[in-house]
Amino acid sequence: MPVFIPSPDRAAELRTALHELQQTSRKDPGCIEYSVYEADGRFVLIEGWDSRADLESHNEQAHVQEFVGSSAYLLAEPFTVARIIPVS
């Protein structure tokens with residue numbers, strides 16, 4: 001679950017970049033869910049994959065690498081990623 005905190009005055013640009021990433025990533029093989037949410041001035045990405053291999057393949061895709069490489073100036077700090085697991 002990546003969390004993105006936009007730099008001041010960059011939230012709209014980050015929203016657009018994340019929307020584009022969301023639309024493209026949903027087409028990646030093995031994608032079950034790829035949804036961006038906004039809360040309290042932050043953006044949260046919830047993603048689900050058929051397998052760990054599908055996630056790793058997704059992370060190697062050009063659209064992901066381009067987002068990671070070009071979004072740094074939009075962020076107040078580097079984004080964080082936490083793996084979430086359902087409670088049962």
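Conditions: (1) open to solvent by 40 Å² or more (accessible area, probe 1.4 Å); (2) over 11 Å from the mean Cα position of the chain (by Cα). Residue 15 meets all but one. Number of the miss?
(2)
What pairs can you find where one residue is in segment 68-85 and free of Cβ contacts under 8 Å to residues at least 24 places away in the same chain, the other is open to solvent by 60 Å² or more (accessible area, probe 1.4 Å) and of a type in the set (A, V, I, L, M), and their Cβ atoms are less than 9 Å apart, with a gap of 6+ or different chains?
As it stands, the answer is 78/72, since those pairs meet every condition given.
Please give the number of the condition residue 68 fails out of (1) open to solvent by less than 40 Å² (accessible area, probe 1.4 Å); (2) within 25 Å of residue 8 (Cβ to Cβ).
(1)
If you take the residues of segment 43-65 that are in contact with a strand residue (DSSP E or B) (Cβ under 7 Å, 6 or more places away or on another chain) and of a type in the set (Val, Ile, Thr), which of them is surrounded by the most Cβ atoms within 10 Å (Cβ to Cβ)?
Looking at residues that are in contact with a strand residue (DSSP E or B) (Cβ under 7 Å, 6 or more places away or on another chain) and of a type in the set (Val, Ile, Thr), I get 44.
Does at least one position in segment 34-52 carry a residue that is part of a helix (DSSP H, G or I) and either modelled with pLDDT of 95 or more or over 26 Å from residue 10 (Cβ atoms) (or both)?
Within segment 34-52, one or more residues are part of a helix (DSSP H, G or I) and either modelled with pLDDT of 95 or more or over 26 Å from residue 10 (Cβ atoms) (or both).
Quick check on residue 29: is it loosely packed, with under 14 Cβ neighbours inside 10 Å and in contact (Cβ under 8 Å) with a residue 24 or more places away in the chain? Give the derivation first.
Working: loosely packed, with under 14 Cβ neighbours inside 10 Å: yes; in contact (Cβ under 8 Å) with a residue 24 or more places away in the chain: yes.
Answer is yes for this residue.
Test residue 18 against the stated conditions and say whether it is touching a helix residue (DSSP H, G or I) at 6+ places or on another chain (Cβ under 7 Å) and modelled with pLDDT of 95 or more.
Spelling it out, it is not the case that residue 18 is touching a helix residue (DSSP H, G or I) at 6+ places or on another chain (Cβ under 7 Å) and modelled with pLDDT of 95 or more.
State whether one or more residues within segment 6-26 are within 17 Å of residue 80 (Cα to Cα) and in a strand (DSSP E or B).
Yes: segment 6-26 contains one or more residues that are within 17 Å of residue 80 (Cα to Cα) and in a strand (DSSP E or B).
If I ask for residues that are part of a helix (DSSP H, G or I) and surrounded by 15 or more Cβ atoms within 10 Å (Cβ to Cβ), which ones from segment 71-88 would you list?
Once the filter is applied, which keeps residues that are part of a helix (DSSP H, G or I) and surrounded by 15 or more Cβ atoms within 10 Å (Cβ to Cβ), segment 71-88 yields only 74.
The values are calculated or read from the model by the stated rules, or taken from the named source; none is laboratory data. Being a predicted model, the structure only gives us computed values, none of them experimental. Reconstructed Cβ throughout: ideal geometry from the backbone, glycine too, with neighbour counts over all protein chains shown. Just so you know, the surface numbers come from the protein's heavy atoms only, side chains and all, with ligands and any DNA or RNA stripped out. Shrake-Rupley method; radii C 1.70, N 1.55, O 1.52, S 1.80 Å.
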